[in-house]
2 protein chains.
Amino acid sequence: MPKTKMQVQKGFLFTRLAGEIEAGIAAGAYTAGEKLPSIRRLRESRGVSLETAYRAYVDLEARGLVETRPRAGFFVASRPRQAAAPRLSARPYGPSPVSFAAATADIIAASLDPRLIPLGASTLSPEWLPGRHLARILRGLLAAELEACLNYAPASGDPELRRAVARRSLMWGAPVDEEEVVITAGCAEAVALALAAAAPPGSPVVVESPTHFGFLQLLRESGHPVLALPTDPAFGLEPSALRRVLSRHSVGACLLTPHFQNPLGALMPEERKAELVELLDRRGVALIEDDIYGELSYAEERPALMRRHDRAGNVFSCSSVSKVLAPGLRIGWCLPGRRHLAAVKRLKSAFSLAVPTLAQKAVARFLAGGAFDRHLRRLRGQLRLASSQMADALSAGFPPGTRFLAPRGGNMFWLELPTGVDAMELYARARAAGINIVPGNVFSPGSAYGHHIRLSCTRPFRADIRRAVETLGELTLELMKPPARRGGRP
Amino acid sequence: MPKTKMQVQKGFLFTRLAGEIEAGIAAGAYTAGEKLPSIRRLRESRGVSLETAYRAYVDLEARGLVETRPRAGFFVASRPRQAAAPRLSARPYGPSPVSFAAATADIIAASLDPRLIPLGASTLSPEWLPGRHLARILRGLLAAELEACLNYAPASGDPELRRAVARRSLMWGAPVDEEEVVITAGCAEAVALALAAAAPPGSPVVVESPTHFGFLQLLRESGHPVLALPTDPAFGLEPSALRRVLSRHSVGACLLTPHFQNPLGALMPEERKAELVELLDRRGVALIEDDIYGELSYAEERPALMRRHDRAGNVFSCSSVSKVLAPGLRIGWCLPGRRHLAAVKRLKSAFSLAVPTLAQKAVARFLAGGAFDRHLRRLRGQLRLASSQMADALSAGFPPGTRFLAPRGGNMFWLELPTGVDAMELYARARAAGINIVPGNVFSPGSAYGHHIRLSCTRPFRADIRRAVETLGELTLELMKPPARRGGRP
């Protein structure tokens with residue numbers, strides 16, 4: 001385990017516990033297939049809470065070291081996955097303007113190309129999404145409420161949908177009133193409005209490194225220099241890095257994805273969330289949290305919003321139904337901190353007036369019914385299974401030196417390639433072989449992550465996906481070979 | 001006719017001709033109900049083009065001085081309307097930040113209140129819009145193309161819709177290729193993207209005075225000071241005012257509604273469009289034209305885009321289907337000048353990713369079919385009739401001293417109230433009487449137009465609307481009365 005990782009775990013009980021168990025497995029104290037102590041037993045022997053013990057096992061399981069067997073408990077994985085985590089991006093970046101690789105637009109377009117095996121796009125396959133149920137709701141609305149559905153909705157959103165979102169917020173650890181909900185064109189517009197409300201023009205904005213390329217695009221287009229800070233592949237943004245940056249720069253806002261981050265898949269522990277919110281609060285810097293993958297937790301319960309720790313009214317929570325119902329509906333929301341609510345409402349009205357009424361009402365009906373929770377349970381199970389199969393295939397098919405963590409939710413795999421393998425080259429060869437992946441370059445404002453790729457798990461792990469992963473592994477191996485010696489010409 | 005009006009007409013052939021005919025009517029050369037010379041006759045006797053002659057009559061008709069009888073020609077109106085135009089706003093405003101009346105948000109909200117007789121909102125009544133046809137198309141899409149409709153569309157728009165818009169642009173005097181079309185969340189987002197692409201941060205932006213309050217909101221939220229310039233109620237922005245402002249200020253962009261402007265109803269003559277585009281081009285200032293009412297011309301042909309005169313690739317044309325199909329679909333488009341196309345595409349992708357796919361495909365099918373033109377013809381006829389009835393009712397029901405022009409397209413009536421009548425007071429009394437109107441204050445960045453109101457004609461002119469107009473006229477008369485003398489107390 002690399003040194004940086006050990007450092008960041010200091011202070012987080014469950015990760016320390018997981019580290020100890022991992023060390024025990026590595027040392028042979030527990031052998032493959034052996035039953036591990038129950039979580040109650042761990043509580044007694046180590047003096048930790050049930051939750052801490054549970055989280056330690058979930059963490060180990062996500063990393064392929066431990067297996068859960070229903071009603072039997074936790075066991076050492078019979079064939080442990082290659083489990084080295086990608087390393088932390090060591091150096092902070094910025095504040096500097098985003099300088100995009102010219103290739104980015106092309107790479108993003110390729111991720112929508114239906115002729116390629118889709119290991120690049122993060123959009124879930126329609127077979128996992130409740131399209132037919134949505135169509136039924138839409139038809140019902142067209143029959144019974146046509147006039148209302150074709151007329152303007154209020155700028156802050158259809159009252160029924162705002163109510164449905166507010167009701168669901170009871171499960172997010174930070175309940176809001178419907179008056180605090182602003183409906184937006186997907187999570188993208190929610191984040192754009194939050195940024196416009198919170199960050200003074202031209203002020204530098206803190207993001208994770210690596211981060212969602214959409215955020216880099218937004219920051220470039222809105223003229224904010226970027227401060228991209230070291231981010232742990234398992235646990236998210238480093239508080240120490242944030243502390244240093246806040247003491248040196250007049251930061252405009254901080255934009256994070258605490259849950260199953262894109263592209264890392266990192267899940268921020270509750271303690272770290274509290275610490276970051278407090279750090280930002282002390283400096284009066286707004287936090288914009290992107291919760292778009294929050295509902296896709298593989299654990300029983302979804303993680304709580306960072307907003308839960310907010311006392312100053314300075315945290316914006318943004319999300320959408322794009323990853324759980326349908327991306328093409330373009331329905332999202334912003335829950336602005338109370339300091340910013342009026343500004344976000346004004347901005348929404350000024351920039352795009354309102355969100356389509358028909359889609360708002362359809363989502364409202366779906367969220368309010370019991371079908372949504374049933375769908376989520378099923379979707380999480382499907383995603384967890386496919387993701388575990390993908391992790392196994394990556395572990396078996398990629399050459400030694402490849403580093404990755406299996407996610408604990410969402411659908412992202414962040415791979416650090418073996419030394420010397422160039423991500424753009426792998427991207428090009430994969431494309432020639434009919435496979436789409438995303439090279440790491442697009443997730444960084446500078447030129448970092450030239451040896452990383454993002455793969456996503458967006459559909460059942462069938463033979464075509466398995467073969468594509470194997471092919472990718474072979475292409476990676478080829479790129480590791482020393483180049484053929486050149487001819488004798490000078 | 002006020003002096004300012006005479007001045008602005010200098011140089012525009014058809015308005016000069018209209019002025020001459022008007023003078024003839026006033027002098028008794030033609031009497032009420034008398035047939036006027038045919039347009040061919042006018043061409044011969046005055047040496048003008050057929051188009052000029054036709055436009056002169058259309059202009060006179062819109063102002064209630066002339067009547068068209070199908071297949072018979074043009075006649076002096078049997079009961080000429082009170083025809084004084086509202087006066088030009090005399091002084092330019094700015095560059096200054098927009099300072100909104102606190103009442104604006106409340107006034108906008110009231111215009112959506114279904115309990116009030118709607119003379120305020122500019123949204124057309126569902127009975128004039130093809131809701132059932134749209135519902136049929138939507139149902140067809142849900143049945144046959146569900147997966148595609150629930151998935152992301154490309155950021156610049158669904159290819160089918162971009163093609164349909166490009167095909168229609170053949171009728172707008174400035175044809176574009178589908179690659180030059182960017183689909184947006186209504187006209188509001190199209191204008192916001194154009195502004196972000198064209199105007200440097202903090203640069204002053206020229207608008208008409210009065211102008212759409214949504215533009216003022218947008219400029220305030222995006223931090224642009226406003227230069228609101230005198231605008232003729234019949235013919236739009238004054239070129240002389242623009243020339244002066246361009247020589248004194250470093251203007252970031254110019255935002256105009258050349259066709260049936262909100263709230264004036266002004267229609268800019270072709271010559272003036274060419275003059276303004278050339279003025280702006282010479283200084284390298286981008287023009288953003290809002291064409292949202294362009295299809296609602298009462299004449300046979302809709303007016304051409306200002307873009308037609310663009311040689312520098314510096315004109316953005318923005319529009320939507322909100323005034324012709326359904327506001328709640330939120331489908332619009334931006335046709336950026338070639339200088340700005342790449343920037344608008346980047347901004348759209350960064351700020352809201354994409355527009356809902358289902359609504360895009362539905363609009364594409366509607367625009368591409370012959371039903372759209374049939375619908376437009378019917379809608380224009382309905383609007384023209386209702387608007388003419390409204391003009392008659394205003395003329396009959398409002399006290400002397402009220403000034404307005406009947407529109408030549410769209411659905412706006414801009415009323416200058418008799419001396420001393422306060423628009424906010426009339427607004428409040430109308431509301432108490434169950435009628436919604438919009439006071440002039442909200443159309444100006446400062447505090448102009450306190451004696452103006454905007455009425456809109458959005459549905460068939462039935463008894464309830466007629467009564468509401470009569471009531472408004474009575475309330476106006478009441479407000480003209482000198483206040484009751486106060487009691488004897490000092």
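The values are calculated or read from the model by the stated rules, or taken from the named source; none is laboratory data. It should be emphasised that the depicted structure is a prediction, and the values quoted were computed from it without experimental measurement. Glycine gets a Cβ as well: all are built from the backbone with ideal geometry, and neighbour counts include every protein chain shown. Please note that ligands, DNA and RNA were not included when accessible areas were found on the heavy atoms of the full protein model with its side chains. Shrake-Rupley method; radii C 1.70, N 1.55, O 1.52, S 1.80 Å.
Considering the conditions (1) away from chain B (no Cβ under 14 Å); (2) within 18 Å of A:Pro159 (Cα to Cα); (3) free of Cβ contacts under 8 Å to residues at least 60 places away in the same chain, A:Leu367 is excluded by exactly one of them, (3). Figure legend. Inter-residue proximity from the stretch A:141-162: first residues under 18 Å from B:Ser125 (Cα atoms), second residues β-branched (Val, Ile, Thr), beta-carbon distance below 6 Å, spacing 6+ or different chains. Indicated pairs: A:Cys149/A:Thr357; A:Ala153/A:Thr357. Counting only residues that are more than 10 Å from chain A (Cβ to nearest Cβ) and outside any loop (DSSP other than H, G, I, E, B), which one in the stretch B:114-129 is surrounded by the most Cβ atoms within 10 Å (Cβ to Cβ)? Ranking the qualifying residues of the stretch B:114-129, first place goes to B:Pro118.
Within the stretch B:234-243, the set of residues being open to solvent by 10 Å² or more (accessible area, probe 1.4 Å) and either outside any helix (DSSP H, G or I) or touching a His at 6+ places or on another chain (Cβ under 9 Å) (or both) comprises B:Glu238 only. Report whether or not A:Ala406 is in a helix (DSSP H, G or I) and on the phi < 0 side of the Ramachandran plot. Here the answer is no, as A:Ala406 does not meet what is asked. Among the residues of the stretch A:373-405, those that are farther than 13 Å from A:Leu472 by Cβ, in contact with a strand residue (DSSP E or B) (Cβ under 8 Å, 6 or more places away or on another chain) and either among the aromatic types (Phe, Trp, Tyr) or open to solvent by 10 Å² or more (accessible area, probe 1.4 Å) (or both) comprise A:Arg380, A:Arg403, A:Leu405. The lone criterion from (1) within 14 Å of chain A (Cβ to nearest Cβ); (2) at pLDDT below 95 left unmet by B:Glu145 is number (2). Taking the criterion of being in contact (Cβ under 8 Å) with a residue 60 or more places away in the chain, among the basic types (Lys, Arg) and within 14 Å of chain A (Cβ to nearest Cβ), would at least one residue in the stretch B:305-312 satisfy it? No, the stretch B:305-312 has no match at all. Taking the criterion of being under 25 Å from A:Glu51 (Cα atoms) and either in a helix (DSSP H, G or I) or open to solvent by less than 10 Å² (accessible area, probe 1.4 Å) (or both), the residues of the stretch A:305-316 that qualify are A:Leu305, A:Met306, A:Arg307, A:Arg308, A:His309. Check the stretch A:32-51 and report whether any residue there is within 25 Å of the chain's Cα centre (by Cα) and not hydroxyl-bearing (Ser, Thr, Tyr). Looking through the stretch A:32-51, at least one residue is within 25 Å of the chain's Cα centre (by Cα) and not hydroxyl-bearing (Ser, Thr, Tyr).
Between A:Arg346, A:Arg338, A:Arg302, which is modelled with pLDDT under 95, charged (D, E, K, R) and closer than 30 Å to A:Val469 by Cα? Result: A:Arg302 is the single residue among A:Arg346, A:Arg338, A:Arg302 that is modelled with pLDDT under 95, charged (D, E, K, R) and closer than 30 Å to A:Val469 by Cα.
Test A:Gly33 against the stated conditions and say whether it is at pLDDT 80 or above, part of a loop (DSSP other than H, G, I, E, B), at positive phi and open to solvent by less than 50 Å² (accessible area, probe 1.4 Å). Judged against the criteria, A:Gly33 is a match. Comparison of A:Glu238, A:Glu179, A:Glu208 shows that the only residue that is charged (D, E, K, R) and farther than 18 Å from A:Leu276 by Cα is A:Glu179. If you go through the stretch B:198-214 and keep only what is at the interface with chain A (Cβ under 9 Å from one of its Cβ atoms) and either closer than 13 Å to B:Pro445 by Cα or modelled with pLDDT of 95 or more (or both), you end up with just B:Gly214.
Being of a type in the set (S, T, N, Q), touching a residue at least 60 places away in the same chain (Cβ under 8 Å) and in contact with a Gly (Cβ under 7 Å, 6 or more places away or on another chain) holds for only one residue in B:Gln261, B:Gln217, and it is B:Gln261.
For (1) farther than 23 Å from A:Gly173 by Cα; (2) in contact with a Ser or Thr (Cβ under 6 Å, 6 or more places away or on another chain); (3) among the charged types (D, E, K, R), each residue gets a yes or a no:
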position	(1), (2), (3)
A:Ala253	no, no, no
A:Pro269	no, no, no
A:Asp291	no, yes, yes
A:Ala304	no, no, no
A:Asp310	no, no, yes
A:Gly313	no, no, no
A:Cys318	no, no, no
A:Ala326	yes, no, no
A:Leu329	yes, no, no
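Got at least one residue in the stretch A:380-391 being within 14 Å of chain B (Cβ to nearest Cβ) and either in contact with a Phe, Trp or Tyr (Cβ under 7 Å, 6 or more places away or on another chain) or assigned to a loop (DSSP other than H, G, I, E, B) (or both)? No, that holds for no residue.
Selection over the stretch A:152-195 of residues that are in contact with a Leu (Cβ under 9 Å, 6 or more places away or on another chain) and polar (S, T, N, Q) gives a count of 2. Residue by residue through the stretch B:38-58, note down the ones that are in contact (Cβ under 8 Å) with a residue 24 or more places away in the chain, part of a loop (DSSP other than H, G, I, E, B) and farther than 20 Å from B:Phe235 by Cβ. Answer for the stretch B:38-58, where residues must be in contact (Cβ under 8 Å) with a residue 24 or more places away in the chain, part of a loop (DSSP other than H, G, I, E, B) and farther than 20 Å from B:Phe235 by Cβ: just B:Ser38. Do the conditions hold for A:Ser352, that is, is it more than 22 Å from A:Arg139 (Cα to Cα) and of a type in the set (Gly, Ala, Ser)? The answer is yes for A:Ser352.
In the stretch B:267-284, of all residues being in contact (Cβ under 8 Å) with a residue 40 or more places away in the chain and either within 20 Å of B:Ala192 (Cβ to Cβ) or not basic (Lys, Arg) (or both), the one that is surrounded by the fewest Cβ atoms within 10 Å (Cβ to Cβ) corresponds to B:Glu271. In the stretch B:170-192, which residue that is at the interface with chain A (Cβ under 9 Å from one of its Cβ atoms) and of a type in the set (A, V, I, L, M) is nearest to B:Pro356 (Cα to Cα)? Within the stretch B:170-192, the match that is nearest to B:Pro356 (Cα to Cα) is B:Ala185. Just one of (1) farther than 26 Å from A:Leu112 by Cα; (2) modelled with pLDDT of 95 or more; (3) out of contact with any Lys or Arg (no Cβ under 8 Å at 6 or more places or on another chain) fails for B:Ser322. It is (3).
Look at (1) part of a helix (DSSP H, G or I); (2) surrounded by fewer than 22 Cβ atoms within 10 Å (Cβ to Cβ); (3) touching a strand residue (DSSP E or B) at 6+ places or on another chain (Cβ under 8 Å) and you find that A:Ala448 fails only one, number (1).
Note on the stretch A:330-358: residues that are facing another protein chain (nearest Cβ under 10 Å), open to solvent by 10 Å² or more (accessible area, probe 1.4 Å) and either free of Cβ contacts under 8 Å to residues at least 40 places away in the same chain or assigned to a helix (DSSP H, G or I) (or both) amount to 7. Residue under question is A:Leu246, and the condition is that it be crowded, with 21+ Cβ neighbours inside 10 Å, at pLDDT 95 or above and of a type in the set (A, V, I, L, M, F, W, C); does it hold? For A:Leu246, the condition - crowded, with 21+ Cβ neighbours inside 10 Å, at pLDDT 95 or above and of a type in the set (A, V, I, L, M, F, W, C) - is not met. The single condition from (1) closer than 16 Å to B:Glu478 by Cα; (2) of a type in the set (S, T, N, Q); (3) at pLDDT 95 or above that B:Thr419 fails is (3).
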